[in-house]
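*Asks:* There's a structure below that I have some questions on.
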Amino acid sequence: MFTFEKIERLCSKKAIDELFAKGKSRTQFPIKLIYRLSEFESEYPVQAMFVVPKKKHKRANKRNTMKRRMREVYRLHKHKLYGALPNHKLHIMFVFLSNEEFEYKAIEKSMCGLMDTLAKVDFDALQASLQ
C-alpha cells in the first residue's frame, strides 16, 4: 500500500511529451501538478513523475533532495488519490517551482492540496470532451 514501484513511475518519453503538450495543470506554490487522462496497462490507476528543474536548483544534491521529499509525500498519500479514481488512468507530473529549498512539511501541504483538488476533478466529463 505504501510503496512506489517501478510500474507506477512515468518513464515513457512519448507519454511525457503528450503530458506537456496536452495536459492540464494546477498550481499550489511551490509545486505545479500537470495531469492527463491516459490509457496504459497497469494495476495502478496513476503513473507519476517528479521534476526539479536544473534552472531552479543548480546542484544535483539539492534537486535529488527535493525529488526525494516529493516522492515520499506521494508514496504516503497516494491511496487517497487512488480511491477517487476507480476507473480512470492518469499520468501526473509534479514540478517544483521555487528557487529555495523547502522542508518536508511545506511540500506535504502543497502536494496534499493538489492531490485533493485532482481527486475532485470530474474525469467522466473530461473524457467525454476529449472524444
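*Asks:* Tally time: how many residues in region 45-86 are free of Cβ contacts under 8 Å to residues at least 12 places away in the same chain, of a type in the set (Lys, Arg) and either open to solvent by less than 60 Å² (accessible area, probe 1.4 Å) or at positive phi (or both)?
*Replies:* 1
*Asks:* Now for a separate question. Filtering region 87-100 down to residues that are under 14 Å from the mean Cα position of the chain (by Cα) and not charged (D, E, K, R), which residue is most open to solvent (accessible area, probe 1.4 Å)?
*Replies:* My answer is 97.
*Asks:* Considering only residues that are of a type in the set (Phe, Trp, Tyr) and in a strand (DSSP E or B), look in region 1-52 and name the one that is modelled with the highest pLDDT.
*Replies:* 50
*Asks:* Shifting gears a bit: Looking at region 80-108, which of its residues are in a loop (DSSP other than H, G, I, E, B) and farther than 10 Å from residue 31 by Cβ?
*Replies:* The answer is 85, 86, 87, 88, 89, 99, 100, 101, 103.
The values are calculated or read from the model by the stated rules, or taken from the named source; none is laboratory data. Everything numeric here is computed off the predicted structure, so don't read it as measured data. With ideal geometry, Cβ positions are generated from the backbone for all residues, glycine too; neighbour counts draw on all protein chains shown. These accessible areas exclude ligands, DNA and RNA; they are computed on the full protein's heavy atoms, side chains included. Shrake-Rupley method; radii C 1.70, N 1.55, O 1.52, S 1.80 Å.
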